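Trainee: Before anything else, here's the structure in question.
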Amino acid sequence: MNSIIHLLPDHVANQIAAGEVVQRPASVVKELLENAVDADATSITLIVKEGGKTSIQVIDNGSGMGDTDARLSFERHATSKIKFAEDLFQLHTKGFRGEALASIAAVAHVELKTKTEGEELGSHLVIEGSKTVKQDPCVTPVGTSIAVKNLFFNIPARRNFLKSSSVEQKHIIDEFQRVALVHPSIAFKFIHNDSELFNLPATNLRKRIVGVMGAKTNEKLVPVKEETDLIQLTGFVGKPEFAKKSRGEQFFFVNDRFIKHPYLHHAVTSAFEGLLKEKSYPSYFLYLKVDPKSIDINIHPTKTEVKFDNEHAIYSILRSSVKHSLGQFNVSPVLDFNKDSSMETDYMQHKKGAKIPSIEVDRNFNPFKAEVSSHTSAKSPSKNHFKSKSTANWESLYTDASIEENELMDIEVESESVSPSLFGGQSSSYQSSGTFQLQRKYIITSTKSEMLIIDQHRAHFRVLYEELLKNITAQPALSQQLLFPLKLQLDSNEIRVFENLKESLVNAGFSISEIGEDFVKINGIPNRLPESETSILLDQLLSDFENDIPDSGFDQTDRLAKSLAKSMAIKNGSLLQKEEQIELVNLLFSCKEPMLTPTNRLVFVKQSAADFDKKFM
Ligand code: ADP
Ligand code: MG
């Protein structure tokens, strides 16, 4: 029997592909601008007529193409940007599919002039609906100029579908801005119907944003900066009082690509909670850099969605960094931790349905100091006033957890040599508490469907930090009087730092009776500070601040809380009793931001039962 399947001719295949890549003139603009950026241009000019319906031209001074490349560039899947499948996981270019030029040329009249450095003559190509109608040498500067005319000339239905020039023009401006905002070091010009809309010289990020969004923007911007293992975040948010009535000025870029991400958008807007008038939208220009391996690179050419491996953590980092910036620049009552729970976000609940219990904690209880009856179990809360309040809710996470706990028992065997005390008579307590310590470093526990591996030092760092901030914002700060005032010998530099920090220290609960030439006398310390460690902690604090004392009160307090919390937090290597483990877990999950340390490191990681199912396949 004759076969009925045949391969489509290239020009038909290209036209079909074009349907995906080229939806409207703005898609052409995006592809051409990105190609110019990929070609390392330092100056790019965009010239558009009639919202791109008549013509779109992009001129760059980038690498240009040799004769053969110029022709090949219009072939489908012709790209210079990747060679191997692995390259997909370390993309540093905008393009990689090798589809754009082929698609554009399938549905428009395209004229290319290009020349590489060192060549006498460049190449001139004219292609109409995938057919090369002209190719000859030409005189042209180094770089590339591509003009795309009469888009969809051969697909009347698509052409009719285009909107008015002004609507198409608006889409083009959007695409132009998205590229210009990520490449401040490239000069851009944009001319529409012979009038210059943008003329952006190479500059820094802030000036570029101002250049793109308008001179008034400058006073509105508050910088955001954060660097963690997971992401590098830079950029700006708009001060809340300038929030707009429309969503126009909201930009996320991931690895220099514009993306839309409702969940991360929520992280940013939630940081503004309580600061905005109703129906107003904060501006933001946020630039995330992540390991290319940790995002799904298979980004559809016209789509702006991205999938992150570690969405929840990124959510928290974003939110806390934006909140921090707003606080630092005195635009947010960030330190008001006693505020109602509207500051909280249910990011842990996103998609998972897992709940962060709202736990009331007795702040005066110190799990690492107090004597706890060694047989207290989480199910007999009456023995311990702290537990009576906190475990009830947290336990709801354990309901139906018996299977996971049994699995944990199996794993526990591995840690036998490290923490033998976890076994034997304690097992009933373990059963009900569902925690154990691994290598004196991690506390392992489970929720309904996930195993949590918690870094004990980081968890305690988070807990103490939030407690200290609370203490600091309590009026007056909770302080304990020392029976014998503490005299610290300091050098003149340390005295200077101490004097600068005096107010914050007092706010934190230190009471300072005397500052001498080379000593300070302290007769009261913050409530939870162990007296025996005060001098070590203060030493550490002074050296933390030695080189850089923040001016703003907010920042000082925040740094102070971080520094104290970090030095007070239990160290890895400390053996924790069962009760202490449970207390810590409970305290952690009563925090506002349990997922991250105050310095934005991960506090715990999760493994779902489904992950294990895969491993045991
Ligand atoms: P991709 O960008 O995905 O590689 P394109 O179809 O957009 O695919 O471009 C195909 C190839 O043409 C690119 O890989 C690049 O080598 C070359 N090219 C396209 N535009 C330019 C330009 N402005 N300057 C230099 N080379 C270009
Ligand atoms: Mg491209």
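Trainee: Among residues belonging to region 22-36 that are in a helix (DSSP H, G or I) and more than 13 Å from ligand 1 (Cβ to nearest atom), point out the one that is nearest to the chain's Cα centre (by Cα).
Mentor: Ala26
Trainee: Follow-up question, since we're still on this one. Considering only residues that are in a strand (DSSP E or B) and touching a His at 6+ places or on another chain (Cβ under 9 Å), look in region 37-54 and name the one that is farthest from ligand 1 (Cβ to nearest atom).
Mentor: The residue in question is Lys49.
Results for (1) within 19 Å of Ile295 (Cβ to Cβ); (2) free of Cβ contacts under 8 Å to residues at least 40 places away in the same chain; (3) near ligand 1 (Cβ under 8 Å from one of its atoms), shown as yes or no for each residue.
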{"position": "Gly64", "(1), (2), (3)": "no, no, yes"}
{"position": "Ala78", "(1), (2), (3)": "no, yes, yes"}
{"position": "Ala106", "(1), (2), (3)": "no, no, no"}
{"position": "His109", "(1), (2), (3)": "no, no, no"}
{"position": "Thr114", "(1), (2), (3)": "no, no, yes"}
{"position": "Glu119", "(1), (2), (3)": "no, no, no"}
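Trainee: Of all residues in region 117-152 being among the aliphatic types (A, V, I, L, M) and not in a strand (DSSP E or B), which is surrounded by the fewest Cβ atoms within 10 Å (Cβ to Cβ)?
Mentor: By that ranking, first place goes to Val139.
Trainee: Just to be sure before I move on: is Ala569 crowded, with 22+ Cβ neighbours inside 10 Å, in contact with a Phe, Trp or Tyr (Cβ under 7 Å, 6 or more places away or on another chain) and small (Gly, Ala, Ser) in the structure I sent?
Mentor: no
Trainee: Something else now. Could you please give the count of residues in region 80-90 that are within 16 Å of ligand 2 (Cβ to nearest atom), over 20 Å from Phe258 (Cβ atoms) and either in a helix (DSSP H, G or I) or free of Cβ contacts under 8 Å to residues at least 12 places away in the same chain (or both)?
Mentor: Going through region 80-90 one residue at a time, the tally reaches 3.
Trainee: Which ones in region 176-191 are in contact with a helix residue (DSSP H, G or I) (Cβ under 8 Å, 6 or more places away or on another chain) and either among the hydrophobic types (A, V, I, L, M, F, W, C) or at pLDDT below 95 (or both)?
Mentor: Phe176, Val179, Ala180, Leu181, Ile186, Phe188, Phe190
Trainee: Out of region 505-538, which residues are closer than 15 Å to Ala565 by Cα and among the aliphatic types (A, V, I, L, M)?
Mentor: Leu505, Ala508, Ile525, Leu529, Ile536, Leu537, Leu538
Trainee: So, one more: Which condition does Gly129 not pass, out of (1) at pLDDT 90 or above; (2) in contact with a Leu (Cβ under 9 Å, 6 or more places away or on another chain), if it passes all the others?
Mentor: (2)
Trainee: Looking at the structure I just gave you, is Gly19 within 16 Å of ligand 1 (Cβ to nearest atom) and assigned to a helix (DSSP H, G or I)?
Mentor: It is true that Gly19 is within 16 Å of ligand 1 (Cβ to nearest atom) and assigned to a helix (DSSP H, G or I).
Trainee: Here are Ile209, Ile259, Ile231: which of them is touching a residue at least 40 places away in the same chain (Cβ under 8 Å) and either within 11 Å of the chain's Cα centre (by Cα) or assigned by TED's automatic domain parsing to the domain that holds His171 (or both)?
Mentor: Of the residues listed, the single one that is touching a residue at least 40 places away in the same chain (Cβ under 8 Å) and either within 11 Å of the chain's Cα centre (by Cα) or assigned by TED's automatic domain parsing to the domain that holds His171 (or both) is Ile231.
Trainee: Of all the residues that make up region 470-513, how many are in contact with a Gly (Cβ under 8 Å, 6 or more places away or on another chain), exposed (fewer than 13 other Cβ atoms within 10 Å of the Cβ) and either not in a helix (DSSP H, G or I) or not assigned by TED's automatic domain parsing to the domain that holds Cys591 (or both)?
Mentor: Number satisfying all stated conditions: 1.
Trainee: Something else about it: Could you look through region 445-469, keep only residues that are in contact with a Phe, Trp or Tyr (Cβ under 9 Å, 6 or more places away or on another chain) and not in a strand (DSSP E or B), and pick out the one that is farthest from Ser590 (Cα to Cα)?
Mentor: Lys448
Trainee: For Val306, state whether it is outside any strand (DSSP E or B), among the hydrophobic types (A, V, I, L, M, F, W, C), outside the structural domain of Arg601 (by TED's automatic domain parsing) and closer than 29 Å to Gln23 by Cβ.
Mentor: It is true that Val306 is outside any strand (DSSP E or B), among the hydrophobic types (A, V, I, L, M, F, W, C), outside the structural domain of Arg601 (by TED's automatic domain parsing) and closer than 29 Å to Gln23 by Cβ.
Trainee: So which of Thr114, Thr93 is surrounded by 20 or more Cβ atoms within 10 Å (Cβ to Cβ), within 16 Å of ligand 2 (Cβ to nearest atom), outside any helix (DSSP H, G or I) and of a type in the set (Ser, Thr, Tyr)?
Mentor: Just a single option satisfies the conditions, and that option is Thr114.
Trainee: Would you call Glu50 within 13 Å of ligand 2 (Cβ to nearest atom) and either farther than 24 Å from Glu119 by Cα or at pLDDT 95 or above (or both)?
Mentor: When the stated conditions are applied, Glu50 does not pass them.
Trainee: Which pairs turn up if I take residues in region 35-47 that are closer than 22 Å to Asn193 by Cβ and touching a residue at least 24 places away in the same chain (Cβ under 8 Å) and look for partners that are hydrophobic (A, V, I, L, M, F, W, C) and near ligand 1 (Cβ under 6 Å from one of its atoms) with beta carbon separation below 8 Å, at least 6 apart in sequence or on another chain?
Mentor: Hits for this filter: Ile44/Ala36.
Trainee: Taking into account only those residues within region 276-297 that are at pLDDT below 90 and touching a Lys or Arg at 6+ places or on another chain (Cβ under 9 Å), which is farthest from Arg178 (Cα to Cα)?
Mentor: For region 276-297, the residue satisfying everything is Lys279.
Trainee: Sticking with this one: So Ile56 passes all but one of these: (1) more than 15 Å from ligand 2 (Cβ to nearest atom); (2) closer than 29 Å to Pro201 by Cα. Which condition number does it fail?
Mentor: It is condition (1) that Ile56 fails.
Trainee: Which ones in region 1-34 are of a type in the set (A, V, I, L, M) and without any contact (Cβ under 8 Å) to a residue 40 or more places away in the chain?
Mentor: Passing the criteria: Met1, Ile4, Ile5, Leu7, Leu8, Val12, Ile16.
Trainee: Just checking, does region 101-110 include any residue being modelled with pLDDT of 95 or more and away from ligand 2 (no atom under 16 Å from the Cβ)?
Mentor: yes
Trainee: Further, regarding this structure: Quick one: would you say Ala70 is within 16 Å of ligand 2 (Cβ to nearest atom), in a helix (DSSP H, G or I), at pLDDT 95 or above and buried (at least 18 other Cβ atoms within 10 Å of the Cβ)?
Mentor: Criteria met by Ala70.
The values are calculated or read from the model by the stated rules, or taken from the named source; none is laboratory data. Treat the numbers as computed from the prediction; the structure is a model and nothing was measured. Counting neighbours? That spans all protein chains shown, and the Cβs are built from the backbone with ideal geometry, glycine included.
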